[in-house]
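Scroll down for the structure; my scribbles are underneath it.
The values are calculated or read from the model by the stated rules, or taken from the named source; none is laboratory data. Not measured: the values here are computed from a predicted model. Note that each Cβ is placed from the backbone with ideal geometry, even for glycine, and that neighbours are counted across all protein chains shown.
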Amino acid sequence: EGFKFVICESESQCTLDLIKKYCSFFHLYNPLIVLIRDLSLNIDLLLYIIPQEANACVDWLAKYEISYDDPFTKWTKWNECPFQLDLLILADRIDVAHIRS
């Protein structure tokens, strides 16, 4: 997409450590981790840990993903942000507290 600066927030310190430090060649997600590392050679990639409760958007995306048989084709068809996610992004911007469901 031509992005030059990307911020990635994750609730999993383990995941960030796999990307930043070491990942066994035999790890299930090694091919994906290698792609992320290769991508980070061409862009400024910042990785941050964030608690689950602090990001309702991530929680919604995770639940949205598992509600479809083939979630990856759904992502590629988005031309605009889904309404429910748009509301959560707005709430995050104005620091509305969320209770995880």
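Scanning the stretch 30-42 for residues that are more than 20 Å from residue 61 (Cβ to Cβ) and surrounded by fewer than 12 Cβ atoms within 10 Å (Cβ to Cβ) returns 31, 38, 41, 42. Scanning the stretch 15-45 for residues that are within 16 Å of residue 3 (Cβ to Cβ), in contact with a helix residue (DSSP H, G or I) (Cβ under 9 Å, 6 or more places away or on another chain) and outside any helix (DSSP H, G or I) gives a single hit, 45. The residues of the stretch 1-29 that are of a type in the set (Asp, Glu) and surrounded by 12 or more Cβ atoms within 10 Å (Cβ to Cβ), listed by number, are 9, 11, 17. In this entry, residue 31 passes the filter for residues that are at pLDDT 80 or above and either over 18 Å from residue 13 (Cβ atoms) or β-branched (Val, Ile, Thr) (or both).
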